[in-house]
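Novice: Input: one structure, supplied below.
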Amino acid sequence: MQSEMAAELEKYVIVLNQRDAAFPLEYAFQNVARQDDVVVERLRRSTEALAYLRKLAADGKNVEAREGAETLLRTWTFFMLDNSIYALAPLPETTEAIFEAARFYAEAWDKATEAERQAAREEGKFADYPVKDFVELVLQKQNPDYQEIQRLEMARLTDESKAFENLEKEIALWTKIVEAAPMLKYDSTSDVSFEIQNCVREYFLELKKREQAEPENFPLQAFAEAAE
């Protein structure tokens, strides 16, 4: 029975993919997917690996922790290549595990020297890091803050009186999204990063028109610099 339900779930995911439809946070047979031995084992290994990497970082072994985090993200990429159901209709547990690993990867780069980060940029590590496509897919199709930003942008087009107010709201929401997926601040080539850059550019232009000073400690400064 479980294999039959898994087969039906696969058909459902294929239809969603063909229609480029948003996958829901909850979907039919989700509990069946949770009980999949492959999923259970992958989550267990990811939890153990991340705990080990955090210990490396705490011991000051930042390079080893960073390289280990990249390897961990790559194992998630392989998992989704081998199990496409979970790439297109992910479980909340697998999604959070991937995002948690990606956040740790970004934290490891935060601790790197500027020379190391520049070398990584030149090598294309930030533009093509493991799980990048998955992270953007989840943000664009599941994240409620992203959906609200799209609504606010449409509202700005139809009601100029609230344009600046909505821009400020968008900046706050983008800040939350970057906190959830901090690799965005390093990957200036991603679709989502471009959206943030455009929003920040518009926000600064509005500040200039109003003769208002740019805010201190602006949380999206990396995107402002990338947009220059």
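The values are calculated or read from the model by the stated rules, or taken from the named source; none is laboratory data. Nothing here was measured: the structure is a model prediction, and the numbers come from that model. Quick reminder, even Gly has a Cβ in these numbers, built from the backbone with ideal geometry, and neighbours come from all protein chains shown.
Novice: What are the residues in the stretch 166-179 that are buried (at least 18 other Cβ atoms within 10 Å of the Cβ) and in contact (Cβ under 8 Å) with a residue 40 or more places away in the chain, if any?
Specialist: Residues satisfying the conditions are ILE171, TRP174, VAL178.
Novice: Of everything in the stretch 88-145, what is among the polar types (S, T, N, Q) and assigned to a helix (DSSP H, G or I)? Give them in sequence order.
Specialist: Residues satisfying the conditions are THR94, THR95, GLN118, GLN140, GLN142.
Novice: I've got another one for you. Looking at THR71, THR75 in this structure, which one is out of contact with any Cys (no Cβ under 6 Å at 6 or more places or on another chain), within 19 Å of ASP187 (Cβ to Cβ) and either part of a helix (DSSP H, G or I) or in contact (Cβ under 8 Å) with a residue 40 or more places away in the chain (or both)?
Specialist: Working: THR75 fails: within 19 Å of ASP187 (Cβ to Cβ).
Result of the check over THR71, THR75: THR71.
Novice: Considering each of ILE177, ILE149, ILE196 in turn, give the residue that is more than 30 Å from ALA119 (Cβ to Cβ), of a type in the set (Val, Ile, Thr) and not assigned by TED's automatic domain parsing to the domain that holds GLU123. Show your work before the answer.
Specialist: Details: ILE177 fails: more than 30 Å from ALA119 (Cβ to Cβ); ILE196 fails: more than 30 Å from ALA119 (Cβ to Cβ).
Only one candidate passes the filter, namely ILE149.
Novice: Residue check: is ALA102 touching a Ser or Thr at 6+ places or on another chain (Cβ under 6 Å), assigned by TED's automatic domain parsing to the domain that holds ALA49 and under 18 Å from LEU139 (Cα atoms)? Write out each step before concluding.
Specialist: Numbers: touching a Ser or Thr at 6+ places or on another chain (Cβ under 6 Å): no; assigned by TED's automatic domain parsing to the domain that holds ALA49: yes; under 18 Å from LEU139 (Cα atoms): yes.
In short, no.
Novice: What pairs come up if the first residue lies in the stretch 138-165 and is touching a residue at least 12 places away in the same chain (Cβ under 8 Å) and surrounded by fewer than 16 Cβ atoms within 10 Å (Cβ to Cβ), the second is part of a helix (DSSP H, G or I) and of a type in the set (Ser, Thr, Tyr), and their beta carbons are under 7 Å apart, counting only those six or more places apart or on different chains?
Specialist: Here the result reads GLN140/TYR146, each pair linking the stretch 138-165 to a residue that is part of a helix (DSSP H, G or I) and of a type in the set (Ser, Thr, Tyr).
Novice: Test of understanding: among VAL32, VAL13, VAL39, which residue is under 15 Å from THR94 (Cβ atoms) and either modelled with pLDDT under 75 or exposed (fewer than 12 other Cβ atoms within 10 Å of the Cβ) (or both)? If you could, list the steps in order and put the result at the bottom.
Specialist: Details: VAL32 fails: either modelled with pLDDT under 75 or exposed (fewer than 12 other Cβ atoms within 10 Å of the Cβ) (or both); VAL39 fails: either modelled with pLDDT under 75 or exposed (fewer than 12 other Cβ atoms within 10 Å of the Cβ) (or both).
Result: VAL13 is the single residue among VAL32, VAL13, VAL39 that is under 15 Å from THR94 (Cβ atoms) and either modelled with pLDDT under 75 or exposed (fewer than 12 other Cβ atoms within 10 Å of the Cβ) (or both).
Novice: Among the numbered criteria (1) over 30 Å from LYS11 (Cβ atoms); (2) in a helix (DSSP H, G or I), which one does VAL32 miss?
Specialist: Here VAL32 meets the rest and fails (1).
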